[in-house]
1. Within the range 1-32, how many residues are more than 30 Å from Lys166 (Cβ to Cβ) and in contact with a helix residue (DSSP H, G or I) (Cβ under 7 Å, 6 or more places away or on another chain)?
2. For the range 22-48, give me each residue that is more than 24 Å from Asn148 (Cα to Cα) and within 19 Å of the chain's Cα centre (by Cα).
3. Quick one: Glu34 ticks every box in (1) closer than 25 Å to Lys102 by Cβ; (2) of a type outside the set (Lys, Arg); (3) part of a strand (DSSP E or B) except a single one, so which number is it?
4. Out of the residues in the range 10-31 that are outside any helix (DSSP H, G or I) and not aliphatic (A, V, I, L, M), state the one that is modelled with the lowest pLDDT.
5. What single numbered condition from (1) in a helix (DSSP H, G or I); (2) surrounded by 13 or more Cβ atoms within 10 Å (Cβ to Cβ) fails to hold for Lys67?
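The values are calculated or read from the model by the stated rules, or taken from the named source; none is laboratory data. The structure presented is a predicted model; accordingly, all values stated were derived computationally and were not measured. No Cβ is skipped: glycine too gets one built from the backbone with ideal geometry, and neighbour counts run over all protein chains shown.
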Amino acid sequence: MVLVLFLCAVILLIILINIFLLASTVRFRIEDFEVANIKHIAPNYNVVISLKLFNKIKWLSFSLNDKKMKKLYTKLHLEKVDIRKIEKELKFSDIQEFFKIKPKLTHLNLKLKIGVDDVIITSYIVPIICSILAITLPLVTSKENIKNIKYKIEPAYNMKNIYHLKLTTTLEIKLMNILISIYNIHKNKKQNKELCIN
(Lines give C-alpha, C1' and ligand atoms only; values in the text may rest on other atoms or scores of the structure.)
Protein backbone atom coordinates (compact mmCIF):
# COMPACT_ATOMS: atom_id res chain seq x y z
CA MET A 1 0.00 0.00 0.00
CA VAL A 2 2.80 2.43 0.94
CA LEU A 3 4.64 1.57 -2.30
CA VAL A 4 1.50 2.26 -4.38
CA LEU A 5 1.03 5.65 -2.66
CA PHE A 6 4.70 6.47 -3.23
CA LEU A 7 4.44 5.56 -6.93
CA CYS A 8 1.25 7.64 -7.28
CA ALA A 9 3.01 10.60 -5.63
CA VAL A 10 6.02 10.23 -7.99
CA ILE A 11 3.73 10.01 -11.06
CA LEU A 12 1.75 13.06 -9.87
CA LEU A 13 4.99 15.00 -9.31
CA ILE A 14 6.23 14.11 -12.83
CA ILE A 15 2.88 15.21 -14.32
CA LEU A 16 3.01 18.52 -12.38
CA ILE A 17 6.61 19.17 -13.48
CA ASN A 18 5.64 18.51 -17.12
CA ILE A 19 2.64 20.86 -16.83
CA PHE A 20 4.89 23.55 -15.34
CA LEU A 21 7.45 23.07 -18.14
CA LEU A 22 4.89 23.04 -20.95
CA ALA A 23 2.78 25.93 -19.66
CA SER A 24 5.44 28.25 -18.21
CA THR A 25 6.84 31.43 -19.74
CA VAL A 26 10.20 32.94 -18.84
CA ARG A 27 9.95 36.71 -18.44
CA PHE A 28 13.09 38.88 -18.63
CA ARG A 29 12.67 42.48 -17.55
CA ILE A 30 15.57 44.92 -17.81
CA GLU A 31 14.93 48.10 -15.85
CA ASP A 32 16.77 51.42 -16.11
CA PHE A 33 19.76 50.13 -18.06
CA GLU A 34 22.00 53.03 -19.07
CA VAL A 35 25.38 53.13 -20.79
CA ALA A 36 27.34 55.97 -22.39
CA ASN A 37 30.85 57.01 -23.35
CA ILE A 38 30.32 60.77 -22.95
CA LYS A 39 30.04 60.79 -19.17
CA HIS A 40 30.63 58.38 -16.34
CA ILE A 41 27.41 56.58 -15.51
CA ALA A 42 27.40 54.24 -12.54
CA PRO A 43 25.57 51.01 -13.41
CA ASN A 44 22.24 50.93 -11.58
CA TYR A 45 20.22 48.58 -13.77
CA ASN A 46 18.03 45.76 -12.51
CA VAL A 47 17.23 42.49 -14.32
CA VAL A 48 14.15 40.62 -13.10
CA ILE A 49 13.77 37.02 -14.28
CA SER A 50 10.47 35.34 -13.50
CA LEU A 51 8.57 32.19 -14.45
CA LYS A 52 4.84 32.50 -15.06
CA LEU A 53 2.38 29.63 -15.33
CA PHE A 54 -0.08 30.18 -18.23
CA ASN A 55 1.55 33.62 -18.48
CA LYS A 56 -0.54 34.69 -15.44
CA ILE A 57 0.64 33.07 -12.19
CA LYS A 58 4.18 33.93 -11.09
CA TRP A 59 5.72 30.89 -9.39
CA LEU A 60 9.41 31.85 -9.39
CA SER A 61 11.18 35.18 -9.50
CA PHE A 62 14.62 36.63 -8.79
CA SER A 63 16.42 39.85 -9.61
CA LEU A 64 19.99 40.71 -10.53
CA ASN A 65 21.49 44.17 -10.24
CA ASP A 66 25.05 45.33 -11.01
CA LYS A 67 26.45 44.22 -7.62
CA LYS A 68 24.84 40.76 -7.83
CA MET A 69 26.06 40.36 -11.42
CA LYS A 70 29.64 41.12 -10.37
CA LYS A 71 29.44 38.56 -7.56
CA LEU A 72 27.98 35.98 -9.94
CA TYR A 73 30.69 36.77 -12.51
CA THR A 74 33.38 36.14 -9.87
CA LYS A 75 31.75 33.02 -8.39
CA LEU A 76 31.31 31.36 -11.80
CA HIS A 77 34.87 32.38 -12.84
CA LEU A 78 33.50 33.88 -16.05
CA GLU A 79 36.72 35.90 -16.51
CA LYS A 80 38.41 32.58 -17.38
CA VAL A 81 35.94 31.83 -20.19
CA ASP A 82 37.64 31.98 -23.60
CA ILE A 83 35.26 34.00 -25.82
CA ARG A 84 37.27 33.23 -28.97
CA LYS A 85 36.93 29.49 -28.34
CA ILE A 86 33.15 29.88 -27.95
CA GLU A 87 32.99 31.91 -31.19
CA LYS A 88 34.87 29.14 -33.04
CA GLU A 89 32.55 26.45 -31.66
CA LEU A 90 29.42 28.49 -32.45
CA LYS A 91 27.79 27.20 -35.61
CA PHE A 92 25.14 28.69 -37.90
CA SER A 93 22.73 25.94 -36.79
CA ASP A 94 23.11 27.17 -33.17
CA ILE A 95 22.13 30.70 -34.25
CA GLN A 96 19.14 29.25 -36.15
CA GLU A 97 18.06 27.48 -32.94
CA PHE A 98 17.97 30.85 -31.16
CA PHE A 99 15.37 32.12 -33.66
CA LYS A 100 13.29 28.97 -33.08
CA ILE A 101 12.93 30.06 -29.43
CA LYS A 102 10.47 32.72 -30.72
CA PRO A 103 10.99 35.46 -28.13
CA LYS A 104 8.18 38.00 -27.73
CA LEU A 105 8.85 41.62 -26.88
CA THR A 106 6.05 42.91 -24.66
CA HIS A 107 7.55 46.26 -23.62
CA LEU A 108 10.31 48.52 -24.95
CA ASN A 109 11.41 52.01 -23.99
CA LEU A 110 14.64 52.77 -25.84
CA LYS A 111 16.48 56.09 -26.14
CA LEU A 112 19.70 56.23 -28.11
CA LYS A 113 21.87 59.21 -28.91
CA ILE A 114 24.67 58.40 -31.35
CA GLY A 115 27.26 60.29 -33.36
CA VAL A 116 30.61 59.89 -35.12
CA ASP A 117 33.26 62.33 -36.36
CA ASP A 118 31.69 62.67 -39.79
CA VAL A 119 28.34 64.50 -39.93
CA ILE A 120 27.31 62.69 -43.14
CA ILE A 121 27.97 59.24 -41.63
CA THR A 122 26.00 60.25 -38.49
CA SER A 123 23.08 61.37 -40.68
CA TYR A 124 23.08 57.88 -42.30
CA ILE A 125 23.50 55.87 -39.07
CA VAL A 126 20.27 57.12 -37.46
CA PRO A 127 17.88 56.15 -40.32
CA ILE A 128 19.67 52.79 -40.73
CA ILE A 129 19.11 51.97 -37.02
CA CYS A 130 15.48 53.17 -37.25
CA SER A 131 14.91 51.01 -40.36
CA ILE A 132 16.38 47.91 -38.66
CA LEU A 133 14.12 48.49 -35.63
CA ALA A 134 11.08 49.10 -37.85
CA ILE A 135 11.69 45.79 -39.67
CA THR A 136 12.59 43.58 -36.67
CA LEU A 137 10.23 44.85 -33.95
CA PRO A 138 6.96 43.69 -35.64
CA LEU A 139 8.49 40.20 -35.96
CA VAL A 140 9.01 39.88 -32.19
CA THR A 141 6.01 41.90 -30.97
CA SER A 142 2.37 40.85 -30.97
CA LYS A 143 -0.35 43.31 -32.08
CA GLU A 144 -1.66 43.89 -28.54
CA ASN A 145 1.84 44.95 -27.37
CA ILE A 146 2.63 47.41 -30.18
CA LYS A 147 1.37 50.27 -27.99
CA ASN A 148 4.08 49.39 -25.40
CA ILE A 149 6.93 49.80 -27.92
CA LYS A 150 8.63 53.20 -27.88
CA TYR A 151 12.03 54.20 -29.20
CA LYS A 152 13.84 57.42 -29.97
CA ILE A 153 17.09 57.54 -31.95
CA GLU A 154 18.82 60.93 -31.99
CA PRO A 155 21.88 62.02 -33.95
CA ALA A 156 24.71 63.77 -32.11
CA TYR A 157 26.34 66.04 -34.67
CA ASN A 158 29.82 67.58 -34.38
CA MET A 159 30.76 65.26 -31.52
CA LYS A 160 33.53 62.68 -31.62
CA ASN A 161 32.26 59.07 -31.53
CA ILE A 162 29.59 59.22 -28.83
CA TYR A 163 26.73 57.00 -27.75
CA HIS A 164 24.25 57.25 -24.89
CA LEU A 165 21.74 54.42 -24.43
CA LYS A 166 18.80 54.19 -22.01
CA LEU A 167 16.74 51.02 -21.99
CA THR A 168 13.80 49.43 -20.18
CA THR A 169 12.42 46.29 -21.81
CA THR A 170 10.47 43.07 -21.22
CA LEU A 171 10.99 39.87 -23.18
CA GLU A 172 8.92 36.69 -22.84
CA ILE A 173 9.93 33.20 -24.03
CA LYS A 174 8.10 29.89 -23.65
CA LEU A 175 10.18 27.70 -21.33
CA MET A 176 9.52 24.65 -23.53
CA ASN A 177 11.00 26.46 -26.56
CA ILE A 178 14.21 27.16 -24.59
CA LEU A 179 14.51 23.54 -23.45
CA ILE A 180 13.92 22.19 -26.98
CA SER A 181 16.57 24.54 -28.43
CA ILE A 182 19.11 23.58 -25.73
CA TYR A 183 18.43 19.90 -26.44
CA ASN A 184 18.82 20.41 -30.23
CA ILE A 185 22.11 22.32 -29.82
CA HIS A 186 23.44 19.59 -27.49
CA LYS A 187 22.31 16.86 -29.93
CA ASN A 188 23.96 18.63 -32.91
CA LYS A 189 27.24 19.04 -31.02
CA LYS A 190 27.18 15.36 -30.01
CA GLN A 191 26.58 14.30 -33.63
CA ASN A 192 29.39 16.54 -34.88
CA LYS A 193 31.80 15.01 -32.32
CA GLU A 194 30.80 11.50 -33.43
CA LEU A 195 31.39 12.43 -37.08
CA CYS A 196 34.82 13.85 -36.24
CA ILE A 197 35.79 10.67 -34.36
CA ASN A 198 34.66 8.44 -37.25
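1. Number of matching residues: 3.
2. Pro43
3. (1)
4. Quick first cut of the range 10-31, residues outside any helix (DSSP H, G or I) only: 24-31.
Right, trim to not aliphatic (A, V, I, L, M) and you get 24-25, 27-29, 31.
Values: Ser24: 84, Thr25: 87, Arg27: 90, Phe28: 91, Arg29: 92, Glu31: 89.
Going through the qualifying residues, I end up with Ser24.
5. Unmet condition: (2).
For every residue, the table says whether it meets (1) surrounded by 11 or more Cβ atoms within 10 Å (Cβ to Cβ); (2) under 23 Å from Leu51 (Cα atoms); (3) not β-branched (Val, Ile, Thr).
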| residue | (1), (2), (3) |
| --- | --- |
| Leu112 | yes, no, yes |
| Val119 | yes, no, no |
| Lys147 | no, no, yes |
| Ile153 | yes, no, no |
| Lys160 | no, no, yes |
| Leu167 | yes, yes, yes |
| Leu175 | yes, yes, yes |
| His186 | no, no, yes |
